[in-house]
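**Q** Below is a structure I'd like to ask you about.
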Amino acid sequence: MTASEIRKKLQKMGDQERAAVFRRFFKTGPGEYGHGDRFVGLCVPEVRRLEREHQALPLSETARLLRDPIHEARLLALLILIGAYAKGNDDLRDRIYALYLRNTRFINNWDLVDASAEHIVGPHLRDRSRAPLYTLAASSLLWDRRIAVMATFHYIKRGEFAETLGIAERLLGDREDLIHKAMGWMLREIGKRDRSAEEAFLRDHYRIMPRTMLRYAIEKFPEPLRLAYLRGEV
């Protein structure tokens, strides 16, 4: 099938009541981070079933799907890319990584970033220079910065924290709540694996850290310690 045919399939499968709920949930109103995004009303398990049906979609058609105005089409494209990246040879992986970075303006909501960055950007840079992560972290585009943060989840799961902590330090002054949440989440994930590594970072930075970032980072701490951080008593 072509991207155009898949788009028609998505529209036919859609649920308008659910689409209205998604538009509110993903903040598509004027001035909100998802302004103008369009939904047909498919839930994630439905999109994942479609991914299994269209794993063989050519990369050129997947790229067209990634640029589609419909949110679920872009999610489907990313899931197809993730599967192709995992199974592909080095040449295909290079092409998928390049395609991903050329199109970050279409990976333009937190669910799209969170579903994909750790599976494409993270592994692609595992044995290469990780400088592109810092370039993304310095971008004016919110979604580039979130990609930089979430790509490091790939390393956290392998016990490597340097990139996450380095990017966190650079984003302490970020104004976007979606960055504060993602960064706090990744710090919390470090803490699940090595509490001392997380706390070493927090002790240096928690007093200037955005409050949302801090709350996410310490969410699983014992209550007395969590309150001590919130009160600035550590």
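**Q** Quick one: how many residues across region 215-234 are under 29 Å from the mean Cα position of the chain (by Cα), closer than 10 Å to residue 199 by Cβ and part of a loop (DSSP other than H, G, I, E, B)?
**A** Of the residues in region 215-234, 2 are under 29 Å from the mean Cα position of the chain (by Cα), closer than 10 Å to residue 199 by Cβ and part of a loop (DSSP other than H, G, I, E, B).
**Q** Related question: Pairs please, first residue from region 213-234 and surrounded by fewer than 16 Cβ atoms within 10 Å (Cβ to Cβ), second anywhere and β-branched (Val, Ile, Thr), Cβ atoms under 8 Å, 6+ apart in sequence or on different chains.
**A** Listed pairs, sorted by first residue: 225/218; 225/234; 228/234; 230/218.
**Q** Return yes when residue 209 is in a helix (DSSP H, G or I) and of a type outside the set (Phe, Trp, Tyr) and no when it is not.
**A** Details: in a helix (DSSP H, G or I): no; of a type outside the set (Phe, Trp, Tyr): yes.
When the stated conditions are applied, residue 209 does not pass them.
**Q** OK, next. Which one of the conditions (1) more than 16 Å from the chain's Cα centre (by Cα); (2) closer than 24 Å to residue 101 by Cα; (3) crowded, with 20+ Cβ neighbours inside 10 Å does residue 133 fail to meet, given that it meets all the rest?
**A** (1)
**Q** Next up: Can you name every residue in region 67-90 that is in contact with a Pro (Cβ under 9 Å, 6 or more places away or on another chain) and not aromatic (Phe, Trp, Tyr)? Full working, then the answer.
**A** First, pick out the residues of region 67-90 that are in contact with a Pro (Cβ under 9 Å, 6 or more places away or on another chain): 85-86.
Scanning region 67-90 gives a single hit, 86.
**Q** If you check 131, 182, 197, which single one turns out to be small (Gly, Ala, Ser) and out of contact with any helix residue (DSSP H, G or I) (no Cβ under 9 Å at 6 or more places or on another chain)? Full working, then the answer.
**A** Numbers: 182 fails: out of contact with any helix residue (DSSP H, G or I) (no Cβ under 9 Å at 6 or more places or on another chain); 197 fails: out of contact with any helix residue (DSSP H, G or I) (no Cβ under 9 Å at 6 or more places or on another chain).
Within the list 131, 182, 197, the selection yields 131.
**Q** So is residue 148 under 22 Å from residue 104 (Cα atoms), surrounded by 20 or more Cβ atoms within 10 Å (Cβ to Cβ) and in contact with a Leu (Cβ under 6 Å, 6 or more places away or on another chain) or not? Talk me through it step by step, then tell me what you get.
**A** Working: under 22 Å from residue 104 (Cα atoms): yes; surrounded by 20 or more Cβ atoms within 10 Å (Cβ to Cβ): yes; in contact with a Leu (Cβ under 6 Å, 6 or more places away or on another chain): yes.
The answer is yes for residue 148.
**Q** Let me ask something additional. Hey, does region 153-160 have a residue that's closer than 20 Å to residue 108 by Cβ and either modelled with pLDDT of 95 or more or of a type in the set (Val, Ile, Thr) (or both)? Walk me through how you get there before you give the answer.
**A** From region 153-160, those closer than 20 Å to residue 108 by Cβ are 153; that's our starting set.
If we keep only those that are either modelled with pLDDT of 95 or more or of a type in the set (Val, Ile, Thr) (or both) as well, we get 153.
Yes: region 153-160 contains one or more residues that are closer than 20 Å to residue 108 by Cβ and either modelled with pLDDT of 95 or more or of a type in the set (Val, Ile, Thr) (or both).
**Q** As an exercise: evaluate residue 179 against (1) of a type in the set (A, V, I, L, M, F, W, C); (2) under 14 Å from the mean Cα position of the chain (by Cα); (3) exposed (fewer than 14 other Cβ atoms within 10 Å of the Cβ) and give the number of the one condition it does not meet.
**A** Failed condition: (3).
**Q** Now a separate question. For residue 145, which of the numbered conditions (1) in contact (Cβ under 8 Å) with a residue 40 or more places away in the chain; (2) within 16 Å of the chain's Cα centre (by Cα) fails to hold?
**A** (1)
The values are calculated or read from the model by the stated rules, or taken from the named source; none is laboratory data. The structure displayed is predicted, hence computed values, not measured ones. Heads up, the Cβs are rebuilt from the backbone with ideal geometry, glycines too, and the neighbour counts pull from every protein chain shown.
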